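Following: one structure in structure tokens, then a few remarks.
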Amino acid sequence: MIGLIAATSAGRSAAAELAEALGDCTLYQERTVAASIARAWAECEQLVCFLATGATVRLIAPLLADKHSDPGVVCVDEARRFAVSLVGGHDGGANRLAARVAEALDAQPVLTTATDATGLPGLDTLGWHTEGELAAVSRALLDGAPVRLRADAVHPLPALPPNLTADAPSDAPTVVISDRMPQLPTAESGPQPPATSEVRGGSGGRSPEDRSISDRIEASRLTTVTLRPRTLVVGVGASRGAPAEEVLGLVEAALADAGLSRHSVSHLATVDAKADEPALLAAAAALGVELVTHPAEALAAVAVPNPSPAPQAAVGTPSVAEAAALLGGGELLVPKRKSAPEGRAAMATVAVVRRAPRGRLALVGLGPGARDLLTPRAREELRRASVVVGLDQYVDQIRDLLRPGTRIEATGLGAEEERARSAVRLAEQGHAVALIGSGDAGVYAMASPALAEAGPDIDVVGVPGVTAALAASSLLGAPLGHDHVSISLSDLHTPWEVIERRVRAAAEADLVVTFYNPRSRGRDWQLPKALSLLAEHRTPDTPVGVAHAISRADEWHTVTTLAELDVTTVDMTTVVVVGNTASRTVAGRMVTPRGYRWQS
Ligand code: SAH
């Protein structure tokens, strides 16, 4: 919940407006402003104070405890020009809240945390546990000093600052991304110590690329921050009534003996029948993760190295720990291991699997061109990506929004399939990829070829965009007020017979039609032909809207009729909207009634 604090009538009306826009807000009106803040502080995740920053600082000073748990606080000035992220910019979400408040109140967000100010993702904003000298390494990053990156794997992170590289000098401040614990430095550990392989459970070699990342962290010499990606799945089994310490002790011992960090555990996994087993729930809670359960049949179908008859009899699968850990794939780092209580039989089993990071493919529609028709979500996804793939003209459209260090794969027209394939490949390698297109990425665009290629091993995020048809509609009036269809007149990939059949059907069904890709230098007869097919079912005075280069510098639009349309004005950056038999031109605007009768 967001707590709102206001002391003046202007503040209260801004607060009401904000509550309306954001939802989940409460205005605190205790006897004093100090009492309101104190109560909101205790009850809310975030606060918006319609107060001067000075007043707010004095009021919250006695309440401040810890940046990881304090609410994020945003201040809005009396004239509501600014939404200032005051404290809790990252962990408290105040930076993000300031952006939302600014948008709702048409104010300017003011962020002062250094990483955001310079467009770098804060190392502590990735949602991973951090260990070591976060502040010192962050400072080096911000100062532009060379910082060394040592990562076990490619993770779908946002673009990292250009000065954070794998080949920075070995004595540079270092960011380690690893689920493995540092090993004690040994006599022979030089700047590029050989990787140890025991912790891999003997399961195959590592690629040369992996080898640049050492298990050993020379923490004594280097300024190092270690990030713990959530790569480990811990499968657990427990007999009914197993002591909580036995399960937790076993999990911790298994991780420690394999040199793995408990902070890299993503979740505990077991069989459905054990969903309520107190020891498992307690172990999950102690590790700060969830207990995820799977049906026995699903576990029984997983091939495991150490099946056994006991769980088969008890819960219907020959393996719980190994199967639950391996379900969904990955590398078995710790095969089944039993607890070893003194003087009685073991009541717990554990197995640990490392999952390869899942890459992320965002399909981002940029809208028709203008910056204010790019959705905030699209903008966020562009900044979430480390690689942007798209047609060069679209990349140019959003280049300034990308984080410094974003890799750009721009290609020319005609390379659609290749572009889609390369975006999917990059996501498969673990990167966070944004594949961009104009309008909506799923409408005559890149989403289909990309998803035709993409397997279940990557995450796909779609971001809807404002299509050319919708943008045209709002320019022309209300042409899409009743049933409508879009038809592309490009016969490069679709035989003309198919296009013609669809145009005839639309004509007969009296659908409003938006023509995409209507006419180019080499394709000039298709549009007149399509219009003549529509004219068989519509009168010559049927309204036709033409919208060119919508929301761009050379935008123009006109409303004319089937009889009067001059097709030579139409080109490939145009859409043509033909009304149905009920569409009319009213005061120069194209209107299709919602029903078939015009209201009197
Ligand atoms: N994905 C896009 C469509 C891409 S197909 C969308 O959702 O809108 C390319 C065609 O879209 C162009 O030939 C043209 O007909 C239309 N188009 C795209 N942007 C346009 C704009 N700004 N103004 C007019 N038409 C546009």
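A few points about this structure:
- Looking across the range 368-413, the residues that are of a type in the set (Lys, Arg) and buried (at least 18 other Cβ atoms within 10 Å of the Cβ) come down to Arg384, Arg403.
- Within the range 422-446, being surrounded by 17 or more Cβ atoms within 10 Å (Cβ to Cβ) and either under 26 Å from Arg355 (Cβ atoms) or away from the ligand (no atom under 16 Å from the Cβ) (or both) holds for Ser422, Ala423, Val424, Leu426, Ala427, Glu428, Gly430, His431, Ala432, Val433, Ala434, Leu435.
- Matching option when the condition is under 22 Å from Met572 (Cα atoms) and of a type in the set (Asp, Glu), among Glu428, Glu416: Glu416
- Residue in the range 505-515 that is aromatic (Phe, Trp, Tyr) and either touching a Ser or Thr at 6+ places or on another chain (Cβ under 6 Å) or surrounded by fewer than 20 Cβ atoms within 10 Å (Cβ to Cβ) (or both) present: no
- In the range 128-164, of all residues being in a helix (DSSP H, G or I) and either more than 25 Å from the chain's Cα centre (by Cα) or at positive phi (or both), the one that is surrounded by the most Cβ atoms within 10 Å (Cβ to Cβ) corresponds to Val137.
- Of the criteria (1) more than 11 Å from the ligand (Cβ to nearest atom); (2) polar (S, T, N, Q); (3) assigned to a loop (DSSP other than H, G, I, E, B), which one Ser490 fails: (1)
- Inside the range 498-525, residues that are touching a helix residue (DSSP H, G or I) at 6+ places or on another chain (Cβ under 9 Å) and away from the ligand (no atom under 11 Å from the Cβ) make up a count of 10.
- Residue satisfying all of: in the range 447-468; within 7 Å of the ligand (Cβ to nearest atom) and not in a helix (DSSP H, G or I); surrounded by the fewest Cβ atoms within 10 Å (Cβ to Cβ) among these: Thr467
- Check on Asp396, within 16 Å of the ligand (Cβ to nearest atom), touching a Ser or Thr at 6+ places or on another chain (Cβ under 8 Å), modelled with pLDDT under 95 and among the acidic types (Asp, Glu): no
- Residue satisfying condition, being out of contact with any strand residue (DSSP E or B) (no Cβ under 9 Å at 6 or more places or on another chain) and hydrophobic (A, V, I, L, M, F, W, C), within set Ala452, Ala447, Ala432, Ala415: Ala452
- Considered as a group, the residues in the range 69-86 that are among the acidic types (Asp, Glu) and out of contact with any Leu (no Cβ under 8 Å at 6 or more places or on another chain) include one that is surrounded by the most Cβ atoms within 10 Å (Cβ to Cβ), and that residue is Asp77.
- Qualifying positions in the range 165-204 - more than 22 Å from the chain's Cα centre (by Cα), modelled with pLDDT of 85 or more and of a type outside the set (Ser, Thr, Tyr): Ala166, Asp167, Ala168, Pro169, Asp171, Ala172, Pro173, Val175, Val176, Asp179, Arg180, Met181
- Residue match in the range 460-473 (condition: in contact with a Gly (Cβ under 9 Å, 6 or more places away or on another chain) and either among the acidic types (Asp, Glu) or farther than 25 Å from Thr514 by Cα (or both)): no
- Leu299 being touching a Gly at 6+ places or on another chain (Cβ under 9 Å) and part of a helix (DSSP H, G or I): yes
- Those residues of the range 332-378 which are touching a residue at least 12 places away in the same chain (Cβ under 8 Å), among the charged types (D, E, K, R), more than 20 Å from Leu291 (Cα to Cα) and outside any helix (DSSP H, G or I), in sequence order: Arg358, Arg360
- Qualifying residues in the range 498-557 (those that are part of a helix (DSSP H, G or I) and free of Cβ contacts under 8 Å to residues at least 12 places away in the same chain) - the one farthest from Val485 (Cα to Cα): Ser532
- Residues of the range 272-296 that turn out to be out of contact with any Asp or Glu (no Cβ under 8 Å at 6 or more places or on another chain), farther than 18 Å from Ala310 by Cβ and either of a type outside the set (A, V, I, L, M, F, W, C) or without any contact (Cβ under 8 Å) to a residue 12 or more places away in the chain (or both), as a count: 6
- Number of residues in the range 301-317 that are over 31 Å from the mean Cα position of the chain (by Cα) and either among the β-branched types (Val, Ile, Thr) or surrounded by 20 or more Cβ atoms within 10 Å (Cβ to Cβ) (or both): the value is 4.
- Looking across Val575, Val570, Val591, Val546, one residue alone is modelled with pLDDT of 95 or more, under 24 Å from Pro368 (Cβ atoms), within 16 Å of the ligand (Cβ to nearest atom) and more than 37 Å from the chain's Cα centre (by Cα). It is Val570.
- Scanning the range 10-57 for residues that are surrounded by fewer than 20 Cβ atoms within 10 Å (Cβ to Cβ), within 18 Å of Val101 (Cα to Cα) and among the small types (Gly, Ala, Ser) yields Ala10, Ser13, Ala16, Ala19, Ala21, Gly23, Ala52.
The values are calculated or read from the model by the stated rules, or taken from the named source; none is laboratory data. Just so we're clear, the structure is a prediction, and the values are computed from it rather than from any experiment. Counting neighbours? That spans all protein chains shown, and the Cβs are built from the backbone with ideal geometry, glycine included.
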